[in-house]
Amino acid sequence: MNGQGDLDAVGNIPKPGEAEGDEIDMINDMSGVNDQDGGRMRRTHRRTAYQTQELENFYMENPHPTEEQRYELGQRLNMGVNQVKNWFQNKRNLEKINNDHLENVTLREEHDRLLATQDQLRSAMLRSLCNICGKATNCGDTEYEVQKLMAENANLEREIDQFNSRYLSRPKQRMVSTSEQAPSSSSNPGINATPVLDFSGGTRTSEKETSIFLNLAITALRELITLGEVDCPFWMIDPIVRSKGVSKIYEKYRSSFNNVTKPPGQIVEASRAKGLVPMTCVTLVKTLMDTGKWVNVFAPIVPVASTHKVIPTGSGGTKSGSLQQIQAEFQVISPLVPKRKVTFIRYCKEIRQGLWVVVDVTPTQNPTLLPYGCSKRLPSGLIIDDLSNGYSQVTWIEQAEYNESHIHQLYQPLIGYGIGLGAKRWLATLQRHCESLSTLSSTNLTEISPGLSAKGATEIVKLAQRMTLNYYRGITSPSVDKWQKIQVENVAQNMSFMIRKNVNEPGELTGIVLSASTSVWLPVNQHTLFAFISHLSFRHEWDILTNDTTMEETIRIQKAKRHVNIISLLKIVNNGMLVLQEIWNDASGAMVVYAPVETNSIELVKRGENSDSVKFLPSGFSIVPDGVNGSYHRGNTGGGCLLTFGLQILVGINPTAALIQGTVKSVETLMAHTIVKIKSALDLQT
């Protein structure tokens, strides 16, 4: 197809190492160091964030590279062989120290928990009364029990001291054995008796419930740390479909923990991803422990969430040790995938200075078949290591159990292989948000376009964010929204329709709004399809707004440096109509969202006026790899993709009027025609 050069310019991600600048690793290489006067002077080596990321990625796969592998890695990263060798040695030594420290912290937490339990039992015995006479029972027996508990406590303290002296002086490779990491739920009756979480309005949990939740959270934290280890034996990479092997090895992993077998029909997905995030460790933890900020950062995945705190924030203003109950909905932008409703507890812990763990887990009773749209969140979360340069190294682990029969066959590979709601999508979404914050804060917004103030640029960014959120909701319909699904006779396959009746709502058109969406499979990779849809030169080939004319870009706000993430104000040449658009393309997928906007309103926004009153109806495309034949893990250069097209249109100005079925049919025809035009332009079989 002509214009392939244009496609590459839009679709490709910048080459590695072109952004972010240099950083100083926490582990300094000692090779090539200039020694003067007997070694009194040494200099450290600076490495780029890309070099560090590549070394970390290789270390996850093989912490003990051969001499040939070290040479090849050094050639590729422009580093000396000794530098590479010493980096791996230092990395292994640091990991041993961290593992020993993690185990020490875990045992101390267990010790503190046992002490608290002993205190509760002692108090209960001292306050015990006779059931017949109502008087205090004999204190002699109570005193004996107290002395027994004190003796047990002394034994525990001696075991802790022995552990400290033994392991702090002699590091060991692995933290603890697999059986110690996640004890069987059957061995702890308190876990099986976990009460149903209450989100009815802030009812405080009892001390018993809090103790149960805390015990479950600590167990989940240990399991997460085990899964985050570089040489964890439970992760397996399939050379054909790299994530497919995870499920197989995961079954072995769950059985090794002696957990209760999942009911028939349930599917378990598990995935792990690691990468750099341009945000400090403390800021990231605060974001995760604040539900409002968490939803804002992960808006493409989490449309709604509510929190009920169990244990308040720790002393000194930190959040280490905080425990929350959270109820949320997770989404894939498609009408063919139901929202995943999940209830879980979130626990965060500072293992050492600059190293945090945030873990989620769903309290479960006896295993039952999950109802429609619901799922269990198995131990999932983040291990966050602050790099002291504004970046954090994040290891993200996602595990879930759900009923696969609720998901359309087109999306079962995407979800089942840990792609649709897997660790890589969560991490890529976080990286995109943080990079956007970093890029916008360092950009001189007044230089973007003549007549556009810095406040105006900020308002346009805010307006684009609202537009994109409305596009999501028009497809997935979160429980807090007013969208109502409607049934239409003889509707095309995989087509969904919803209506919303607006009455004088700010930023909304008054009347009946119809939202239509559909998802289709196309035999083309994500980057090629995104490049075609997002490029203005090809817009007339599928967009009815252009009416065989062209569009030009009047404002362009670059939200990221390494990936495509752009907000634009477009102008249709023949009629002057303005269209607000946001596009992005990264490891989590691709998105093109746009909406016509009224000229006078947008001019006020450009001068810095509040954008909340601007009214629009968004449309757009969501693109993800199909998850088949490894297309997702080969950088989307092969295989097919899943395209979701969403459209919102005002079908009546009277919100109380009845919906005309003929209007719905017209919209259905319009959407089908758009899909056919895209296939035809890409020379795909229709």
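Scanning segment 664-674 for residues that are of a type in the set (Ser, Thr, Tyr) and open to solvent by 40 Å² or more (accessible area, probe 1.4 Å), which turns out nearest to VAL513 (Cα to Cα)? Step by step, filter segment 664-674, then rank; the result is SER666. Under 7 Å by Cβ, and 6 or more places apart or on different chains, what pairs join a residue from segment 274-301 that is hydroxyl-bearing (Ser, Thr, Tyr) with one that is open to solvent by less than 10 Å² (accessible area, probe 1.4 Å) and not in a helix (DSSP H, G or I)? Listed by first residue and then by second, the contacts come to THR280/SER392; THR291/ILE326. Kindly indicate whether any position in segment 500-516 is buried (at least 20 other Cβ atoms within 10 Å of the Cβ), touching an Asp or Glu at 6+ places or on another chain (Cβ under 9 Å) and not hydrophobic (A, V, I, L, M, F, W, C). Checking segment 500-516: at least one residue is buried (at least 20 other Cβ atoms within 10 Å of the Cβ), touching an Asp or Glu at 6+ places or on another chain (Cβ under 9 Å) and not hydrophobic (A, V, I, L, M, F, W, C).
All of (1) open to solvent by less than 10 Å² (accessible area, probe 1.4 Å); (2) more than 15 Å from ILE533 (Cα to Cα) hold for ARG562 with one exception: (1).
Restricting segment 590-616 to residues that are of a type in the set (Val, Ile, Thr) and not in a loop (DSSP other than H, G, I, E, B) leaves a set whose member that is farthest from LYS455 (Cα to Cα) is VAL592. Against the criterion of being in contact with a strand residue (DSSP E or B) (Cβ under 6 Å, 6 or more places away or on another chain) and under 15 Å from ILE301 (Cα atoms), LEU421 qualifies.
Whether any residue in segment 496-504 is touching a residue at least 24 places away in the same chain (Cβ under 8 Å), in a helix (DSSP H, G or I) and of a type in the set (Ser, Thr, Tyr) is what I want to check. Within segment 496-504, not a single residue is touching a residue at least 24 places away in the same chain (Cβ under 8 Å), in a helix (DSSP H, G or I) and of a type in the set (Ser, Thr, Tyr).
Residues in segment 471-479: is at least one at pLDDT below 90 and crowded, with 22+ Cβ neighbours inside 10 Å? Give the derivation first.
Pass one, segment 471-479, residues at pLDDT below 90: 477-479.
Subsequent filtering for residues that are crowded, with 22+ Cβ neighbours inside 10 Å retains 477.
Yes.
The values are calculated or read from the model by the stated rules, or taken from the named source; none is laboratory data. Computed from a predicted structure; not experimentally measured. Neighbour counts are summed over all protein chains in view; Cβ atoms, including those assigned to glycine, are modelled from backbone coordinates with ideal geometry. These area figures cover heavy atoms from the full protein model, side chains too; ligands, DNA and RNA do not enter into them. Shrake-Rupley method; radii C 1.70, N 1.55, O 1.52, S 1.80 Å.
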